[in-house]
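Working notes, structure below.
The values are calculated or read from the model by the stated rules, or taken from the named source; none is laboratory data. This one's a predicted model, so the numbers in the text were calculated from it and none came from an experiment. Cβ placement follows ideal geometry from the backbone for every residue including glycine, while neighbour counts extend to all protein chains displayed. For the accessible areas, the whole protein counts, side chains as well, though only heavy atoms, and no ligand, DNA or RNA atoms are used. Shrake-Rupley method; radii C 1.70, N 1.55, O 1.52, S 1.80 Å.
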Amino acid sequence: MASSSTSSSDSTSFPFSPSNLPVTPMRSKIVEKITENRVTLIVGDAGCGKSSQVPQFLLEENLKPILCTQPRRFAVVAVAKTVAKARNCELGEEVGYHIGHSKNSSARSNIVFKTAGVLLEEMRDKGLNALNYKVIILDEVHERSIESDLVLVCVKQFLMKNNDLRVVLMSATADIARYRDYFKDLGRGERVEVLAIPSTNMRTIFERKVFYLEQALSNGFTKKFLLFLVTMHSMFSSRFAFLGHQLYTYYSYYGVFCDYIFFHEQITEILGLSSQSLSLKYFSAPNIKPEVHELIYDLVLHIHENETDIEKSILVFLPTYYSLEQQWHLLQPLSSYFKVHILHSSVDTEEALMAMRICKSHRKVILATNIAESSVTIPKVAFVIDTCRSLQVFWDNNRKKESAELVWVSKSQAEQRRGRTGRTCDGQIYRLVTRSFYSSLEDYECPSVLKLSLRQQVLQSCCAESKAINDPKVLFQRALDPPDPEIVQDALDLLVRMQALERTSRGRYEPTFYGRLLASFPLSFDASVLILKFGNIGMMHEGILIGVLMDTQPLPILRPFGDDQLWSEYTGHYFSGDNNDTGLNGRKEISYMANLCAFQFWQRVFKDKHRVERLKQLLMFDEMKATKSLLPKIEEEWCSFHKLVQSSLNRVSEIYEDILNSIHRFRPTFLGTSDGLPSYYDPYEFEHTCILNCQQNGDTDALTEDDAQLDLSHEAKKCLAIPFVTANNFQNNAVAKNFASIVKEIKAECTEVVAGNQHIGYDSLVNHEAPLCVYFLNGSCNRGSECVFSHSLQSKRPTCKYFLSLQGCRNGQSCVFSHDGGAHRSASSFNPTLCLQEEGNAKTASLLQLFPTSSYERILLLDDIDLHFTSNFARHFDPAKIICTTCLSETSIFDSSLEDVTILWGLYNPYQAIISKLGANRIPWRCIKCVLWFPNFESYGENLDRQRILLQSFFEYMAIRILADALNVVQVILTMNNLRFSQLEVEKLGRDSFFFLKKSFPFDERSFGQLPDKVPNKKPMVVSRPFSYVFNLHRPSEIQFGDYAAVLRKHMGNMQGIGVDNLTADMAVCRI
């Protein structure tokens, strides 16, 4: 039996510990060579311990800090957790990680794991300063993603500038000669040191056996599968049934399978099968046929029946989400035997990490794409079933978008997959191709840099701070596998036509303001363009969310694995817009709109409820406390009731804030007038009351002992108050129509740019000629002369609606419809002038026009420490209408311009003025129409957390005052440096207390006084100057949240020890 080497006794005789890893005896030599050489290449079998141990070797020799890159997020988190556990420290302290917008590290972190993409972004932004580490470890260098290749070339460029930097390349399957040659020009007398970690010591490595398809068909099949073969070859039923009976008897009598020779010579002879027949059935093409899924199913059963150790798990490599679903469906009826985990980019990282846990009650089966291909050690994986397929992304010139296709893996990838077993126990690998076919595979995968359009990478390169990496022509030609120079030139030409780049007189390509703004977003090229287009039409906030959703996996709406019908049902609860009404054609667009509505629903119903509760709680304590974080369990349950993914919602929110803050740093023209009130507040009367239905959970029998610590109920609840969002809520139709229009514009622009603007444009089509009848074109039109479409071959074909969707048209040049996007250009088409930087001229009138004109209305300046701003305002506005607060004593300052100003002395911070904790409040709030505050951060130093708490408390207490006193419209105007505004995420802090940014404009320092807070800036086209930010409070709906204002009045009155109605006193003061 093939699994004889994987018995329980074998696995227990080799405990998994660092001392038993093949890399451990090499420790001294590894440290020595890394210290002596600037570049070291470590080659070792998968599972030898290099990813987790080499960083620790260096740390223990005080070669810190250490940066380690991994190609995938899952690997970053998994390896970081492994190392932190080995060092007995909390993740985020000595050992940290950074993936996308999830950062769990600190200044104390001596080992930091990052994705290649994160490091690449940091190098573009900070140049050599991003490599402020003693040693940089680039792990899994054989993986040729575009980010990995560009990290390699950038690191090499910076090595030329820093002789103290040490770089370590690690892989199990890298082409040693190529990497050695790549770094040979570092310097005179320098060379790349190669260290090979031996794997011959049998006490430090487990045995791995590899089987191919012909062996799987002989050794890997149960009695059940022999019967399956009978049904698959019914045309040979008479002869095969006899042989099947012989084999069945042979198996039953001897308790073993027939060997390869008997099977191959006897079965193939009787059935007329050959290696070519195997090829046609199982691997004639990279696509996964049903027979392959059946084969995997039977191999899983065979393994389960013949391996007694239930903890030994099975890892199955499949290429696509669909193939994962198909295999999952086959295994579902066996849920009493197997615990199935899914590893895919659409699965949340924390959920994916559940696959790392050893299961004691069921055999664990892990269905994975290449996300599990490298770096990760999944304990107790004893069996790997490798379909030898992979999904590769490439630029589809017909569809004008990046597309994916199934391809055969390289030998290097297959070896990486083989390395997923034999780490913590002996292993078997089943490759579902024949040995001869495997021999014909490419040695290494094709680098992504040779398959993509490179437009985004070229733009980001041009925007890099360091001159060492900001010339894309030079940079890409220095790559390990340089792309065709024409591809780079095409990308440059496209970006020039889009006015993201401009060519200088010296032939260099410099980014425009529009180009730098696009490159600042952590999103794909199309998603970034879409955001700015939404900004141009006054829907910046909705555009940011849609752009983020386009690049987010998993999406906020729960997608039950293997059940597309249920997923469509969940999607319909949030968006069911009429395609004819909105113009949305593609399935992707509808999905993104539904997820946008789901995010807005979460904000309006769940987040707003807890924002209201937070304001109530603030007045129940004697001392101000920082906002307590919401209990994750409450949010998790609410999301579960409404079929939402909590982690995805929070991730979308984080990226949204990041992009919004980037826009505040650059300040395009549309920002100043962009209304921050989200569309989800329309209508104001929106209401949602949960109606929960409890259903008996029928899957509780599949729970494992490992899940015992989870507080799981036998009842699954869901909200029945559906739909959660209707077509009349959140301006759905308006957003959807704009979304459809913008997608078409992006497609049309891409088409015209690629074609060099040689298509028939919109203006030339205004001849009212009927478009060509596509039925006439294929000979099926039966309307003859009555057809409203043209039967002239000279007429223009109707535009393909799929070509102008996010998915694109699959038919390419053979499509009978037109792929000319020009007809969809319109007057609202993208105009680069709308993405210029706003004018920096500060005008006195911009601020003065917001001040009240009524004789009894006042403006309030809070916390004007030395009355500097108050005295300047008194020169431009009626001093009698100005009230200011200061921490100074009454006799501290004398200024004649302040004689008519009402000064409230001795108030040490803005909250003392907003809500007095002892006695009556001294401010006549019912007369106040404008509150101005110039935050002073001088006493806080560089402590951003304290600065943020200062602003947060200001917004919270202002919200309480306005809501409790039922004040009419009060404008709150903060004046501060825009970079500080961005850095502290002030717009988010305001939003958390129901303050929304109405407008912003440059602050006139010449008229109103200099702002003390100066934020240095060296980045091109990033603004650093004072701006006034005008916030309006949007009252939460009492329909949704009850009479919260009465609660606030009661608590505020109790705290002050006075009555809650100060109207008479207020009006009396106003009339003085």
(request) Of all residues in region 345-379, count the ones that are in a loop (DSSP other than H, G, I, E, B) and open to solvent by 30 Å² or more (accessible area, probe 1.4 Å). (result) 7
(message) Need the failing condition index for residue 620 against (1) part of a loop (DSSP other than H, G, I, E, B); (2) over 22 Å from residue 992 (Cα atoms), just the number.
(response) (2)
(request) Quickly run through region 999-1052 and pick out the residues that are among the β-branched types (Val, Ile, Thr), at pLDDT below 95 and out of contact with any helix residue (DSSP H, G or I) (no Cβ under 6 Å at 6 or more places or on another chain). (result) 1039
(message) I'd like to know if region 390-402 contains one or more residues that are touching a Cys at 6+ places or on another chain (Cβ under 7 Å), in a loop (DSSP other than H, G, I, E, B), over 30 Å from residue 1020 (Cβ atoms) and open to solvent by 10 Å² or more (accessible area, probe 1.4 Å).
(response) yes
(message) Restricting to region 483-537, give me the number of residues that are of a type in the set (Val, Ile, Thr) and within 22 Å of residue 667 (Cβ to Cβ).
(response) 4
(request) Identify, by number, the condition in (1) open to solvent by 20 Å² or more (accessible area, probe 1.4 Å); (2) touching a residue at least 60 places away in the same chain (Cβ under 8 Å); (3) among the polar types (S, T, N, Q) that residue 552 doesn't meet. (result) (1)
(message) Consider region 961-986. How many of its residues are part of a loop (DSSP other than H, G, I, E, B) and either at pLDDT 95 or above or surrounded by fewer than 20 Cβ atoms within 10 Å (Cβ to Cβ) (or both)?
(response) 7
(request) Check every one of the strands (runs of 3 or more DSSP E) wholly within region 50-160 and list those with 1 or more residues that are free of Cβ contacts under 8 Å to residues at least 24 places away in the same chain and closer than 30 Å to residue 409 by Cα. (result) 95-99
(message) Looking only at region 991-1026, count every residue that is open to solvent by less than 40 Å² (accessible area, probe 1.4 Å), in contact with a strand residue (DSSP E or B) (Cβ under 9 Å, 6 or more places away or on another chain), touching a residue at least 60 places away in the same chain (Cβ under 8 Å) and not in a loop (DSSP other than H, G, I, E, B) and tell me the total.
(response) 8
(request) Name the single residue, out of those in region 329-344 being of a type outside the set (S, T, N, Q) and open to solvent by 40 Å² or more (accessible area, probe 1.4 Å), that is farthest from residue 308 (Cα to Cα). (result) 329
(message) Of everything in region 200-221, what is surrounded by fewer than 17 Cβ atoms within 10 Å (Cβ to Cβ) and modelled with pLDDT of 65 or more? Give them in sequence order.
(response) 207
(request) Could you please find all residues in region 444-484 being more than 21 Å from residue 523 (Cα to Cα) and touching a Gly at 6+ places or on another chain (Cβ under 7 Å)? (result) 466
(request) Would you list the helices (runs of 4 or more DSSP H) that sit entirely within region 832-945 and hold 2 or more residues that are at pLDDT below 85 and loosely packed, with under 15 Cβ neighbours inside 10 Å? (result) none
(request) Could you please give the count of residues in region 553-573 that are part of a loop (DSSP other than H, G, I, E, B) and either more than 22 Å from the chain's Cα centre (by Cα) or at positive phi (or both)? (result) 3
(request) With respect to residue 965, determine if the residue is without any contact (Cβ under 8 Å) to a residue 12 or more places away in the chain and among the acidic types (Asp, Glu). (result) no
(message) Which of the numbered conditions does residue 452 fail, given that it passes all the others? Conditions: (1) in a loop (DSSP other than H, G, I, E, B); (2) farther than 26 Å from residue 515 by Cα; (3) touching a residue at least 60 places away in the same chain (Cβ under 8 Å); (4) open to solvent by 20 Å² or more (accessible area, probe 1.4 Å).
(response) (2)
